[in-house]
Amino acid sequence: TANISPFVNEPFVNFGLEENKQAMEKAISKVKSELGQNIPLHIGERKVFTEDVITSVNPGNLDEVIGYVSKANQALAEEAMHIAVNTFETWKKVSASERAEYLFKAAALMRERKHEFSALMILESGKNYAEADADTAEAIDFIEFYAREMLRLEQINETQPLTKVQGEDNRLTYIPLGVGVVIPPWNFPLAICVGMTTAAVVSGNTVLLKPASTTPVIAHKFVALMEEVGLPAGVINFIPGSGAEVGDYLTSHPKTRFISFTGSKEVGLHISKLAANTSEGQIWIKRLIAEMGGKDGIVVDETAGLDAAAQAIVASAFGFQGQKCSAGSRAIIVEAVYDEVVEKVKELTEKLVVGSPELNYPAGPVIDKGSYDKILGYIEIGKAEGTLLTGGSPAVGNGYYIEPTVFADVNPDARIMKEEIFGPVLAICKAADYKEAIHIYNDTEFGLTGSYFSSDQKRIEEALETMHCGNLYINRKCTGALVGAHPFGGFNMSGTDSKAGGYDYLLLFTQAKLTSRK
Ligand code: NAP
Ligand code: MG
């Protein structure tokens, strides 16, 4: 079933319509009635329940347990590695179209159960309806897109677009790498986990999936779906556990051939060091695909549409409480329109009512106690570094709720302008003109997303050329991947620029073998 029709993104659900809202409420009730189960590791065919578990809790209602997830130790991780190595020998021989077929089936089933997946994310990660729905839609897109990409890669393998040399049969074939460790973050607990995993397995690799410890239940729901569509046991092994323990063990394992990681700069750099260390029995250098943090920013000049700019700043800074690698957590505004934009941003931010994600409030909780404390710490730092415009305190609720917080008049060198806070905190800074604003934008160790608001074509050209980031937007907010259309990945300390959802992404999970016959 080679899909040659154009790729179409999964549409978002409009929760402004009462019937859609009710459908989600129903899905939430259903998911709630099934919470609190024991979830096993998947090691090949074996389902392993351990005594030591990760207790996944609803960040918006701390009394609600989402699930008790079994936790791997080194011995179990080693057993899974053994299975993944053996399974690779058979899985790599399965035809590309057959591998893709498992993905097409999984995408179709996920589409049927879209609200169920989103409802679980609402409860486990604290996303509101639209944010959770976008996450599920992106997951469906990734699965279908990578399945189609595998079919396309197979065509490239077969058609051999090499320069012809007389008397030679030359072929370049993209073959899988081997066993990979997949380490996703919690902030797109479905889409990123699904995207990295399906890209790896559809290109013929086997995987050890170590989910984020705050969102392992939704990751397991995906693994169970892959099992349901008949993916052979051992292709995806589900190995929850602590990053520092199981993560380190697997990334430094001599049989690990590649690591696909998305998460913070700190952990990404740590893994990058481990990946470069050879150990006994390692006969190759590990491939590292690492997508890391950001300190993204929106630049507004005096020719911009100021309402649109202010709306973009607020949407980008506070969507999912600012817990997105793409969050525009800095706004750099030229002096001539500074006061006006700042006032608009304040007004719009104050409309974001904080409350339970289950009830679809626009502003929900942050993920866990560690994040909560870290963000409140940055807010204290911000009070010394800028003018607190709005927010600045915890918000009421039985969860990790923090008011959407805006600081104005922040110095470009302030910590809240430089460091990734990963919470509902926006820092605004004034620039003399657009040139200085772009200079401030670029003065960061990161380089993930950026946006420029202007109606001046010449300046827009200049911004397109000089703003240094992986994903640059003009007159629209900083945002995340749109599979196929907006491949996503960052520069500098934001990662290895492995463009997820892009037309060259699968190549990262393969190696090219050149054969030349006389
Ligand atoms: P994180 O703390 O770096 O964790 C990411 C993953 O790494 C988790 O599964 C974590 O496991 C694991 N881990 C932690 N220590 C490890 C170690 N020593 N060895 C191996 N694995 C280890 O990041 P996060 O808090 O989940 O996610 C937020 C970060 O991700 C932000 O910086 C955000 O910007 C970034 N992000 C980037 C992108 C992008 O595309 N560039 C997309 C989304 C998010 P545990 O949960 O068990 O600690
Ligand atoms: Mg973390």
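A compact table of results
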read-out: Where only alpha carbons of the range 69-227 are counted, the Rg and the Dmax (Å); value: 17.8, 63
read-out: Using distinct alpha-carbon pairs, which all enter the 1/r mean, Kirkwood radius of the range 265-397 in Å; value: 17.7
read-out: Protection proxy ranking, peptides 119-127, 395-403, average beta carbon neighbours within 10 Å, highest first; value: 119-127, 395-403
read-out: Cross-link partners of Lys346 among lysines (Cα-Cα below 24 Å; sequence separation of 8 or more within a chain); value: Lys127, Lys295, Lys324, Lys374, Lys383, Lys418, Lys430, Lys477
read-out: Low-density loop cleavage sites - GluC sites (Glu not before Pro) in the range 1-74, where at most 16 other Cβ are within 10 Å (DSSP); value: Glu34, Glu45, Glu51
read-out: Cut-off under 5 Å, modelled amide H: who pairs with Arg287 long-range; value: Phe258, Ile259
read-out: Qualifying lysines (Cα of each under 30 Å from Cα of Lys92; at least 8 residues distant if same chain); value: Lys47, Lys71, Lys105, Lys164, Lys210, Lys221, Lys255, Lys273, Lys286, Lys499, Lys513, Lys518
read-out: In degrees, nearest ten, helix 216-228 long axis to first principal axis of the chain (Cα); value: 40
read-out: Mean Cβ neighbour count within 10 Å, used as a protection proxy, ranking 242-249, 213-220 highest first; value: 213-220, 242-249
read-out: Inter-site label distance for Gln74 and Asn170 at 7 Å from Cα along Cβ, in nm; value: 4.9
read-out: Per-selection Kirkwood Rh - the range 313-384 (Cα, Å, 1 d.p.); value: 13.7
read-out: Rg to Rh quotient for the range 1-55, alpha carbon positions, Kirkwood Rh; value: 1.20
read-out: Volume per residue of the C-alpha convex hull in the range 432-493, rounded to whole Å³; value: 83
read-out: Relative contact order [Cα under 8 Å, 6+ residues apart], the range 242-362, whole percent; value: 20
read-out: Nearest-20 debye value, the chain charge dipole, Cβ charges on Lys, Arg, Asp, Glu; value: 1620
read-out: Computed [θ] at 222 nm, helices only, for the chain once each DSSP H run of length n ≥ 4 contributes -39500 (n - 2.57); value: -12500 deg cm²/dmol
read-out: Principal axis dimensions, the range 160-200 - Cα atoms, whole angstrom, descending; value: 54, 18, 11
read-out: Average Cα contact separation per residue, the chain, under 8 Å, 6 or more apart, as relative contact order %; value: 17
read-out: All-pairs alpha carbon distance profile, the range 133-271, 5 Å steps from 0, percent; value: 2, 9, 18, 21, 18, 12, 8, 5, 4, 2, 1, 0
read-out: Cα-based Rg of the range 210-280 normalised by 2.2 N^0.38 Å, two decimals; value: 1.22
read-out: Over the range 175-257, equivalent-ellipsoid semi-axes from the Cα gyration tensor in Å; value: 18, 17, 11
read-out: Amide H partners (placed H, <5 Å) of Leu426, local residues excluded; value: Thr405, Val406, Phe407
read-out: Projected-area average for the range 396-483 over all orientations - Cα convex hull basis, square nanometres; value: 7.7
read-out: Per residue Cα convex hull volume in Å³ - calculated over the range 321-469; value: 112
read-out: Rounded to whole Å, sorted largest first: equivalent-ellipsoid semi-axes of the chain, Cα gyration tensor; value: 38, 28, 21
read-out: Surface/4 of the Cα convex hull for the range 1-145, nm²; value: 11.0
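Bear in mind that the values in this text are calculations on the coordinates, not laboratory data. These figures come from a predicted structure and were not determined experimentally. Positions of Cβ are generated from backbone atoms using ideal geometry, with glycine treated the same way; all protein chains shown enter the neighbour counts.
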